[in-house]
Amino acid sequence: MGLKAGWLQPVQKRLSNSRGALLCRDSRMQRASTREVRASSHEVTGDLEAGTMDWHRERQDAETHLLAYRDRAKELRTRIRKLEALGPDSHCPTCGRLLEEYSQKVLEELETENGRMQEMRSLYIVTGLLGYAGR
């Protein structure tokens with residue numbers, strides 16, 4: 001029995017040391033894995049924040065365009081009403097020349113431009129560039 005016990009003791013000690021080394025290695029791997037997950041999480045969070053900022057910037061740009069189209073259309077409607085009220089026998093409120101035969105042509109051009117402004121405004125709303133169109 002002494003021979004068996006002498007042989008078994010070093011094997012048990014090596015086994016115990018191996019278990020300790022495996023546990024230590026497993027612990028290091030878990031810490032490394034945790035660091036990788038955290039790094040990945042920070043990267044995803046950064047990407048999300050960058051995407052959100054881009055979306056807000058694009059939304060602000062779309063709102064600015066929409067307001068510009070709305071204001072230009074309002075200005076055009078005012079000019080159209082003013083020219084219609086003045087009639088062809090009056091002077092142009094912009095340049096001061098007598099309108100006469102140009103009155104109808106000027107009105108048509110203003111109405112065409114107004115229509116384009118309305119179309120562009122509708123395009124921004126319909127395509128959802130504002131992110132909340134239709135809500």
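A few notes on this one:
- 3J(HN,Hα) from dihedral phi, the range 70-84, Karplus parametrisation 6.51/-1.76/1.60, rounded to Hz, x for glycine, proline: 5, 5, 5, 5, 5, 4, 5, 4, 5, 5, 4, 4, 5, 5, 5
- Applied to the range 112-118, the Karplus parametrisation 6.51 cos²θ - 1.76 cosθ + 1.60 on θ = phi - 60° returns per-residue 3J(HN,Hα) values of 5, 5, 4, x, 5, 5, 5 Hz, with x for Gly and Pro.
- Pairs of lysine residues in the range 1-122 that meet both criteria, 8 or more places apart or on different chains and Cα atoms under 20 Å apart, total 4.
- Backbone amide hydrogens, once placed in the peptide plane, bring residue 90 within less than 5 Å of 99, 100, excluding anything fewer than 5 places away on its chain.
- Reciprocal mean inverse distance between Cα atoms of the chain - Kirkwood radius, Å: 22.3
- Taking the empirical scaling 2.2 N^0.38 Å for compact globular proteins as reference, the range 27-71 has a Cα radius of gyration ratio of 2.08.
- On a per residue basis, the convex hull of the C-alpha atoms belonging to the range 14-89 measures out at 45 Å³.
- Under the combined filter of DSSP loop state and at most 15 neighbouring Cβ atoms within 10 Å, the range 1-104 retains these GluC sites (Glu not before Pro): 100, 101.
All of the numbers you see were taken from the coordinates with simple rules; none came from a lab. For clarity, every value in this text was computed on a predicted model and none was experimentally measured. Cβ: placed from backbone, ideal geometry, glycine included. Neighbour counts: every protein chain shown.
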